[in-house]
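Okay, here's the structure, questions in a sec.
The values are calculated or read from the model by the stated rules, or taken from the named source; none is laboratory data. Treat the numbers as computed from the prediction; the structure is a model and nothing was measured. Cβ placement follows ideal geometry from the backbone for every residue including glycine, while neighbour counts extend to all protein chains displayed.
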């Protein structure tokens, strides 16, 4: 009796022991199945992101093509007439500029600094002009040559057709004048042929020029038409400067003078 009971107990116990490994195997399989990573993930892109990416790519390609074309064009046109101003389109300043009438102090003049290769000081001993500051000028929105903001400064036009002083070509210099006692070039009409003009560069070099001609033109077509001549060298050496300023009668209605003066000089 006792042996039979024990056998049954042992059989049940064995049955229970046999079930446990099966459960562990299933658990391992389940865990391994969950730990596997997918070999390919589905990518979901928002339509707006796709459109934005396409637009950015188009813009990059467009600007790259423009840059490449511009570079090729500039290389191909280097040294051609693109570097020469269309003097028939360039106009002289007709006035109505905002100006500063404050005379610079000696300290301000002494401390005036420019790049070594740029013009720094302008001098005409005959007119009592010594070391007037030289500033760089461009064009106004209307296509007119600008004038210095301060009436005591002299402007070097840095646009097409105007070279640096000392270089082969024409250096165009523009400043305020007039017969009312204003402007550094107010007495320029009195400058005789043969007088000297000096330009000092940022690195201390000094270029000397001799006045060859002085021409007065009426404001408008006459003055604008003379601009081509003003940008043309006086001789084959090409080392010329052209000074431009206002002169004549004052027109109150248009706030300008009736004439423009062109003084041209050769480098000595």
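Can you work out which of the residues in segment 167-183 that are at negative phi and part of a loop (DSSP other than H, G, I, E, B) is modelled with the lowest pLDDT?
180
Same structure, new question: Considering only segment 230-251, state which residues are surrounded by 15 or more Cβ atoms within 10 Å (Cβ to Cβ) and without any contact (Cβ under 8 Å) to a residue 24 or more places away in the chain.
Of everything in segment 230-251, nothing turns out to be surrounded by 15 or more Cβ atoms within 10 Å (Cβ to Cβ) and without any contact (Cβ under 8 Å) to a residue 24 or more places away in the chain.
Something else now. Got at least one residue in segment 210-217 being within 33 Å of the chain's Cα centre (by Cα) and over 24 Å from residue 151 (Cα atoms)?
no
Filter segment 127-148 for residues that are surrounded by fewer than 15 Cβ atoms within 10 Å (Cβ to Cβ) and modelled with pLDDT under 95 and give the result.
138, 140, 141, 142, 143
Scanning for something within 27 Å of residue 237 (Cα to Cα), in the same structural domain as residue 237 (by TED's automatic domain parsing) and touching a helix residue (DSSP H, G or I) at 6+ places or on another chain (Cβ under 7 Å), does segment 151-169 turn up at least one residue?
yes
Hey, another quick one. Out of segment 238-255, which residues are touching a strand residue (DSSP E or B) at 6+ places or on another chain (Cβ under 9 Å) and either outside the structural domain of residue 208 (by TED's automatic domain parsing) or not in a strand (DSSP E or B) (or both)?
The answer is 238, and nothing else.
Hey, another quick one. Residue by residue through segment 189-223, note down the ones that are modelled with pLDDT of 95 or more and in a loop (DSSP other than H, G, I, E, B).
Within segment 189-223, 191, 192, 193, 194, 195, 202, 203, 204, 205 qualify.
Just need a number here: residues in segment 199-237 that are under 18 Å from residue 124 (Cα atoms) and out of contact with any strand residue (DSSP E or B) (no Cβ under 7 Å at 6 or more places or on another chain).
Summing the residues that are under 18 Å from residue 124 (Cα atoms) and out of contact with any strand residue (DSSP E or B) (no Cβ under 7 Å at 6 or more places or on another chain) in segment 199-237 gives 2.
So residue 245 passes all but one of these: (1) closer than 18 Å to residue 130 by Cβ; (2) modelled with pLDDT under 95; (3) more than 30 Å from the chain's Cα centre (by Cα). Which condition number does it fail?
Against the list (1) closer than 18 Å to residue 130 by Cβ; (2) modelled with pLDDT under 95; (3) more than 30 Å from the chain's Cα centre (by Cα), residue 245 comes up short only on (3).
May I ask you to say which residue of 120, 186 is closer than 17 Å to residue 199 by Cβ and either under 25 Å from the mean Cα position of the chain (by Cα) or part of a loop (DSSP other than H, G, I, E, B) (or both)?
Unique residue meeting the criteria: 120.
If you take the residues in segment 150-166 that are part of a loop (DSSP other than H, G, I, E, B) and within 19 Å of the chain's Cα centre (by Cα), which one is surrounded by the most Cβ atoms within 10 Å (Cβ to Cβ)?
By that ranking, first place goes to 162.
Just to verify a result, which residue in segment 109-126, among those that are touching a helix residue (DSSP H, G or I) at 6+ places or on another chain (Cβ under 9 Å) and closer than 14 Å to residue 153 by Cα, is surrounded by the fewest Cβ atoms within 10 Å (Cβ to Cβ)?
Only one residue tops the list, namely 121.
Criterion first (out of contact with any strand residue (DSSP E or B) (no Cβ under 8 Å at 6 or more places or on another chain) and closer than 23 Å to residue 121 by Cα) does residue 196 satisfy it?
no
Here's something else I'd like to know. Of the residues that sit in segment 127-137 and are in contact (Cβ under 8 Å) with a residue 60 or more places away in the chain and over 25 Å from the mean Cα position of the chain (by Cα), which one is farthest from residue 155 (Cα to Cα)?
Selected residue: 127.
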